[in-house]
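**Q** My structure is below; once you've seen it, I'll send some questions.
The values are calculated or read from the model by the stated rules, or taken from the named source; none is laboratory data. Values in this document were obtained by computation on a predicted structure and should not be read as measured data. Virtual Cβ from ideal backbone geometry, glycine too; neighbours counted across all protein chains shown.
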Amino acid sequence: MEQGFIGEILATVSSMSEAVHHRLNQEGEWQVRAATWSDLETIVRLNCELAWESEGKQLDAARLRQGVAAVLTDASKGRYFVAEQEGAIAGQVMMTWEWSDWRNGWFWWLQSVYVKPEHRRRGVLRSLVKHLEGLARQQGDVVGLRLYVEKRNCLAQSAYARLGFREAGYHVLEIVPWPSADVDPSSSCKTSQMG
């Protein structure tokens, strides 16, 4: 990606984020704002809680902190947004993007989506998603929002369905340079069935 082009996207998202943030504040909803460096430790903690709750994984906090810091200091890697009331963060989402040549537009990927348990079913997730939908519509060349969810996380799937997300008809596959001890072969189709 060309740095100038990404810079234009980031500048547009940043200015639109401020306008949408102001409107939400006036309507008395959860305040959604772009995360800042001062949110680093909160985002690290929420990501650790997300991994444990949704996948039973204990993340390496030092590595995670470096990964979150990389996003907060280099917006070409992604953008974090947080939902808060009276300065207390209740939830977060990280946005990344992918160009679709088939649709001649951007898909924005929602990642690291997490709402603290005590704030669930109170509109936090809806506010985060609506905030990004608003930014995407204003940008004009975003063709959709996407996310992936752990296939056994039924609560999250239900919450996303209530917000209008539907299965896209794709399986997420990956190659990683090391064997993963936490892969449960009984939780997915056999490789021979995928062809």
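**Q** Can you report the number of residues in the range 159-170 which are on the phi < 0 side of the Ramachandran plot and either modelled with pLDDT under 90 or loosely packed, with under 10 Cβ neighbours inside 10 Å (or both)?
**A** 3
**Q** If you go through the range 146-165, how many residues are under 15 Å from Glu53 (Cβ atoms), outside any helix (DSSP H, G or I) and under 14 Å from the mean Cα position of the chain (by Cα)?
**A** 2
**Q** So Glu29 passes all but one of these: (1) assigned to a helix (DSSP H, G or I); (2) at pLDDT below 95. Which condition number does it fail?
**A** Answer for Glu29: the failing condition is (1).
**Q** Okay, moving on. Could you tell me whether the range 129-145 includes any residue that is surrounded by fewer than 17 Cβ atoms within 10 Å (Cβ to Cβ), of a type outside the set (Val, Ile, Thr), in a strand (DSSP E or B) and at pLDDT 95 or above?
**A** Taking every residue of the range 129-145 in turn, at least one turns out to be surrounded by fewer than 17 Cβ atoms within 10 Å (Cβ to Cβ), of a type outside the set (Val, Ile, Thr), in a strand (DSSP E or B) and at pLDDT 95 or above.
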